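The values are calculated or read from the model by the stated rules, or taken from the named source; none is laboratory data. Please read these numbers as outputs of a predicted model, since none were measured by experiment. Every residue, glycine among them, receives a Cβ derived from its backbone with ideal geometry; neighbour counts consider all protein chains shown. Protein only, heavy atoms only, side chains kept; ligands, DNA and RNA dropped before computing areas. Shrake-Rupley method; radii C 1.70, N 1.55, O 1.52, S 1.80 Å.
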Amino acid sequence: MTLKLFWQDPYRTTLDTKVVAVDNDRIRLAETIFFAFSGGQESDSGTVAGHLVLSAEKDGLDIVYTLAPGHGLQVGSEVEIVIDWERRYRLMRLHFAAEMVLQLVYQLRPGIERIGAHISADKARIDFADESNIAVLFPQIETEAAALLSADLPIVTAFTDEAAQRRYWEVAGFARMACGGTHPRSTAEIGGLKLKRKNTGKGKERIEISLNPAAISLPSITPASP
């Protein structure tokens, strides 16, 4: 089973590890910092031993990476993983921004049903089963979100069941949610967000979330490697 170091340190961008299985173009690694699509969060982008990762897929509790044909890697090969840090950091920030919005919607409209979600590096979306225009909640969501971001609250992540690899995030005094994605260390790192409403069909409401780079000047983060 691949040891998922992106949970221990989501700011790490390089890792030296070994190949533990090869099946034509699909490989498995002893350890990884390369997130695979899960919970609506898109996979990281990057390379293994200089080869572009074409896809990263969960296989039970393992992760399988697909490389282009002719990669030449074998079981035992020592490799370096390098991820696209700019993309990872945007995914982290958008993921938490989306889940923060989700929790605020739950608080403002108890009983509403979430029916879908997706987090890309450009924007996130959450879909709800709702007959009314969800945009009426935006002023309250934006006010509450701005308060959470300015408070610079720690985002704590941990296992609820390590054997089954079930995880959660928690912001004390706000919410706790089951989630196996990658998140920033603090609410302040989101920087600011913009909301847009879409009606995707009868009884379906969508909130699109994008980052507002003008809201705060974020420092350039240089991820530390152990």
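The residue of the stretch 177-215 that is surrounded by the most Cβ atoms within 10 Å (Cβ to Cβ), among those that are of a type in the set (Asp, Glu) and either under 17 Å from the mean Cα position of the chain (by Cα) or part of a loop (DSSP other than H, G, I, E, B) (or both), is Glu189.
Would the stretch 77-86 turn up any residue that is closer than 30 Å to Leu137 by Cα and at pLDDT 95 or above?
The answer is no; no qualifying residue exists.
Among the residues of this structure, Asp122 counts as one that is in contact (Cβ under 8 Å) with a residue 60 or more places away in the chain, farther than 24 Å from Gln165 by Cα and under 14 Å from the mean Cα position of the chain (by Cα). Restricting the stretch 165-182 to residues that are of a type in the set (A, V, I, L, M) and either modelled with pLDDT under 95 or in contact with a Pro (Cβ under 9 Å, 6 or more places away or on another chain) (or both), the residue that is farthest from Trp7 (Cα to Cα) is Ala172. If you go through the stretch 38-59 one residue at a time, do you hit one that is over 23 Å from Tyr89 (Cα atoms) and touching a Lys or Arg at 6+ places or on another chain (Cβ under 9 Å)? Yes. For the stretch 71-84, the set of residues classified as over 12 Å from Asp23 (Cα atoms), open to solvent by 50 Å² or more (accessible area, probe 1.4 Å) and not charged (D, E, K, R) consists of Val82 only.
Looking at the stretch 138-148, can you tell me whether even one residue there is outside any helix (DSSP H, G or I) and surrounded by 13 or more Cβ atoms within 10 Å (Cβ to Cβ)?
no
In this structure, does Ile115 turn out to be out of contact with any Leu (no Cβ under 7 Å at 6 or more places or on another chain) and surrounded by 17 or more Cβ atoms within 10 Å (Cβ to Cβ)? So Ile115 does not fit the description; no.
Would you pick out the residues in the stretch 9-57 that are under 20 Å from Thr157 (Cα atoms) and among the basic types (Lys, Arg)? Arg12, the sole residue that qualifies. Phe96 - would you say it is part of a helix (DSSP H, G or I), within 18 Å of Tyr11 (Cα to Cα) and modelled with pLDDT of 95 or more? Yes. Restricting the stretch 6-33 to residues that are in contact with a helix residue (DSSP H, G or I) (Cβ under 7 Å, 6 or more places away or on another chain) and touching a residue at least 40 places away in the same chain (Cβ under 8 Å) leaves a set whose member that is surrounded by the fewest Cβ atoms within 10 Å (Cβ to Cβ) is Arg12. Using the structure shown, decide if Tyr65 is touching a residue at least 24 places away in the same chain (Cβ under 8 Å), farther than 30 Å from Lys196 by Cα, of a type outside the set (Asp, Glu) and buried (at least 17 other Cβ atoms within 10 Å of the Cβ). Taking the combined requirement at face value, the residue satisfies it.
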